[in-house]
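Only one structure is covered here, and it is reproduced in the block below.
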Amino acid sequence: MISSRDALSSLEQALRGLRRDEDNLSGVLRNASEELSVLRTGQAETFRALARVRLNALKQGNVVDQIDAAEAKALDLMRQWQERVDQAMADRKTLEGQIAEVEDERLAKVDEVDSAMEAIEDLKEAAEPEIEANDAWKAQRSKLASATAIAQAANDKAATAEADLDDKGKPYKADPLFMYLWNAKYGTSGYKAGGLTRFFDRRIARLIGFEKARQDYYMLTEIPKRFRQHAEHVAEKAESEDAALEEIERGLLKARGITELETRLETLHGALTDAEGRLDRLRSAFEQRAQKDKVLLDPQRDPTHRDAVEMLAKAIEREDLDQLWRDAKQTPTAKDESLVGQLNENLDRIRNVESQVTETRQAIVKLAERRAELERSRDRFYRSGFDNPIGGFSNGDEIGEVIGGILKGALESGALDDLFNVGYRQRRRPRRGNIGGGFRLPSGGKWTAGGTIGGGRGGRSRPGGFRTTGGF
């Protein structure tokens, strides 16, 4: 069995590794895009040189000027894009560092809260013999046991009467004439029908013997109500006796210093909540940054990068330059033969780097998808209350294997959620006493809907223990 802390730590470590991998690939993509820009610039330089060799001065000047202007503009746009990418990567690294720092801080605070809860449990356990020997507590516990028995018996009687109503009331409900008069409140002060309706209702009532049936059905419906009211009344009495028992327990625990321990736990829990709030904000900022980077790091989607590439490409893929290249390849001279070779070699390198850019982009997208899968599991982990410091998982080995499968892209987060749901356990078994009303924290705590760690006082009877109340 692994603790909730260790399970969450494994999940966050995997996410941290994916974020690092995304950053590394983003750097590769940035460098490949920069290399592509250099290659295209080199291609433009070679075309300039080829134009100088094969074209007359007038046409040469026109071609070279157009290439120069396009290259200058494209290089300026690429420089802007690279600056934005560099800044985005720096922002991501800063956020990653802050997230890692607060994640570690949160885990440390979970340990502190866990220790504070242990101290409270230890104090309660040490107090059990004293409380069990206390005369006032024993007398009040006897009152509570008696009130509980009475309340349970009353609840059973009410349930029996309600079942009898369902069974014995079927013939009445099956009689449409009887139910018509019953719903009209015939024979009572609530009956409001007019003269003609009253005439026919009297005839119907005499025909079916309504008055006798009405009295019987009234008693049949009234008895369960009375029993239920009595059951609720004695249940309130049992709750009052339970509160009195808790007051005695709390007094004895306070004498042993439980208030100071609970105050410390509340403080530590507040610090943990603060760390979780900061972590949520940092993760949200990182996700917003990642969404922007999807466009920025995609050469086909970012307008600055796309415009730069298209501008330079158009300048060196003009029809006259294409014809110049074909002519130079067909009739190479000593001067242009090496230039044509450079153009062919440069074109092959451009295609290779473009392929690398495409593959890197696809790899970044896959990593982002896997990160999103793990983030969904982490978010559901929190929402399900699995981050409870006293929680743990009996299937820790399987959890590690599934996290590895998600990292490889072979599994989805649903498989991890299933393991969390199946394997979750509370590592500390409730002691037979569970005295003092459970851990006392501010309302709205993260681990349980009621805002307290470890559960409240109400529950099933525990033989020989301090909590004996049930729900009625």
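The values are calculated or read from the model by the stated rules, or taken from the named source; none is laboratory data. Quick caveat, the model's predicted, so the values are computed rather than measured. All Cβ positions, glycine included, derive from the backbone under ideal geometry; neighbour counts span all protein chains shown.
Only one residue in 159, 147 is buried (at least 17 other Cβ atoms within 10 Å of the Cβ) and on the phi < 0 side of the Ramachandran plot, so which one is that?
Of 159, 147, the one residue that is buried (at least 17 other Cβ atoms within 10 Å of the Cβ) and on the phi < 0 side of the Ramachandran plot is 147.
On the given criteria, is residue 122 assigned to a helix (DSSP H, G or I) and surrounded by fewer than 14 Cβ atoms within 10 Å (Cβ to Cβ)?
Taking the combined requirement at face value, the residue satisfies it.
Does at least one position in the stretch 170-177 carry a residue that is crowded, with 16+ Cβ neighbours inside 10 Å, assigned to a helix (DSSP H, G or I) and hydrophobic (A, V, I, L, M, F, W, C)?
Scanning the stretch 170-177 turns up no residue that is crowded, with 16+ Cβ neighbours inside 10 Å, assigned to a helix (DSSP H, G or I) and hydrophobic (A, V, I, L, M, F, W, C).
Looking at the stretch 283-306, which of its residues are modelled with pLDDT of 70 or more, over 15 Å from residue 88 (Cα atoms) and not polar (S, T, N, Q)?
Hits for the stretch 283-306 are 283, 303.
List every residue pair whose Cβ atoms sit under 7 Å apart, with the two residues 6 or more apart in sequence or on different chains, where the first one lies in the stretch 229-241 and is in contact (Cβ under 8 Å) with a residue 40 or more places away in the chain and the second, anywhere, is among the basic types (Lys, Arg).
Cβ pairs passing all conditions: 241/143.
Which one of 399, 403, 364 is farther than 30 Å from residue 421 by Cβ, at pLDDT 80 or above and surrounded by 18 or more Cβ atoms within 10 Å (Cβ to Cβ)?
364
Residue 150 - would you say it is modelled with pLDDT of 90 or more and over 30 Å from residue 269 (Cα atoms)?
So residue 150 passes the test.
Can you find even one residue in the stretch 236-244 that is surrounded by 17 or more Cβ atoms within 10 Å (Cβ to Cβ) and small (Gly, Ala, Ser)?
Scanning the stretch 236-244 turns up at least one residue that is surrounded by 17 or more Cβ atoms within 10 Å (Cβ to Cβ) and small (Gly, Ala, Ser).
In this structure, is residue 193 in contact (Cβ under 8 Å) with a residue 12 or more places away in the chain, surrounded by 13 or more Cβ atoms within 10 Å (Cβ to Cβ) and touching a helix residue (DSSP H, G or I) at 6+ places or on another chain (Cβ under 8 Å)?
So residue 193 does not fit the description; no.
Just a yes or no: is a residue in the stretch 102-124 over 30 Å from residue 277 (Cα atoms), of a type outside the set (Phe, Trp, Tyr) and in contact (Cβ under 8 Å) with a residue 60 or more places away in the chain?
Yes, the stretch 102-124 contains at least one residue that is over 30 Å from residue 277 (Cα atoms), of a type outside the set (Phe, Trp, Tyr) and in contact (Cβ under 8 Å) with a residue 60 or more places away in the chain.
Which residue out of 157, 192 is of a type in the set (Lys, Arg), assigned to a helix (DSSP H, G or I) and modelled with pLDDT under 95?
From the options 157, 192, the qualifying one is 157.
Give the residue, chosen from 147, 108, 88, that is in contact with a Leu (Cβ under 9 Å, 6 or more places away or on another chain), aliphatic (A, V, I, L, M) and assigned to a helix (DSSP H, G or I).
Exactly one residue qualifies, and that residue is 88.
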